[in-house]
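Input: a single structure, listed below in structure tokens.
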Amino acid sequence: MTVTLPRVLPSPDGKPVPPPGTTESFRAFAQDLAAGQRPWSAEAAQFVADLFDQLAADWDTTRATGRDDPLRDALTRGGPMPQGPCLELGSGTGLFTPALTALFPQVISVDLSMRMLQQAHGRSPWRVRADASRLPLPDASVAALAAIDMLLFPAETARVLAPGGVLLWINQLGGDGPLYLPAATVATALPGTWQATESEAGWGSWAVLRRIN
């Protein structure tokens, strides 16, 4: 079941829409990966790590949207949020980590790119280089998992979330983003039955998903 909330944060002018060709190829990969129709390989992981290592130095000034509207709206209206550790996947340079640390007692920032994690020094106190398809965490060990413009690894997401935990699925550019997946698609891909709340905010969209069995 998915509940769609009305938008409260308007979309400003100047949305940085990526090139259509790039968006379509990345989105096809993201959709197939989430649905289990494409494998995640060591080669794919290395490609992503190398790509973001190259982009890290000037990410904040040339690549990042600089808007946290979808995350702020999700944390405000997608609650109540469970108490406990939060795992931030694809944390990058840590632009959005402070918003999470304001709410959760501990935020563990995970990224494949070592240079991205180095750029996050001062923003993310707990940083781990790891592959999101094989997280170095015990089962049911985090209360929340924040995936901001991230690929979906359904089985691993469900494995590390504690009972009553939530997945924060954030697309900074909404349907124009290269890794966009709507809440219903995410819920279908995840093992078990999930309840989702979703909305749009600023340039992007968000969904908060809770497992109900």
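The values are calculated or read from the model by the stated rules, or taken from the named source; none is laboratory data. Because the structure is a prediction, the values reported are computed rather than measured. Note that each Cβ is placed from the backbone with ideal geometry, even for glycine, and that neighbours are counted across all protein chains shown. The accessibility values were calculated without ligands, DNA or RNA, using every heavy atom of the protein model including side chains. Shrake-Rupley method; radii C 1.70, N 1.55, O 1.52, S 1.80 Å.
Only one residue in 70, 80 is closer than 30 Å to residue 191 by Cβ and part of a helix (DSSP H, G or I), so which one is that? Walk me through how you get there before you give the answer.
On the way: 80 fails: part of a helix (DSSP H, G or I).
From the options 70, 80, the qualifying one is 70.
How many residues are open to solvent by 70 Å² or more (accessible area, probe 1.4 Å) and within 23 Å of residue 189 (Cβ to Cβ) if we restrict to region 9-24? Please lay out each step first, then the result.
Here is the first cut: in region 9-24, the ones open to solvent by 70 Å² or more (accessible area, probe 1.4 Å) are 10, 13, 17, 19-20, 24.
Adding the requirement that they be within 23 Å of residue 189 (Cβ to Cβ) leaves 24.
Of the residues in that region, 1 qualify.
Determine the pairs where a residue that is without any contact (Cβ under 8 Å) to a residue 12 or more places away in the chain, located within region 58-84, has a partner that is of a type in the set (A, V, I, L, M, F, W, C) and open to solvent by less than 50 Å² (accessible area, probe 1.4 Å) with Cβ atoms under 9 Å apart, the partner being 6 or more residues away or on another chain.
Listed by first residue and then by second, the contacts come to 62/55; 63/55.
Does region 149-164 hold any residues that are surrounded by fewer than 19 Cβ atoms within 10 Å (Cβ to Cβ), of a type in the set (Gly, Ala, Ser) and assigned to a helix (DSSP H, G or I), and which are they?
Passing the criteria: only 155.
Under the condition of being under 25 Å from residue 10 (Cβ atoms), hydrophobic (A, V, I, L, M, F, W, C) and out of contact with any helix residue (DSSP H, G or I) (no Cβ under 8 Å at 6 or more places or on another chain), which residue from region 50-75 is most open to solvent (accessible area, probe 1.4 Å)?
It comes out as 64.
Yes or no: region 192-208 includes at least one residue that is open to solvent by 10 Å² or more (accessible area, probe 1.4 Å), over 24 Å from residue 54 (Cα atoms), in a helix (DSSP H, G or I) and in contact (Cβ under 8 Å) with a residue 12 or more places away in the chain.
No, that holds for no residue.
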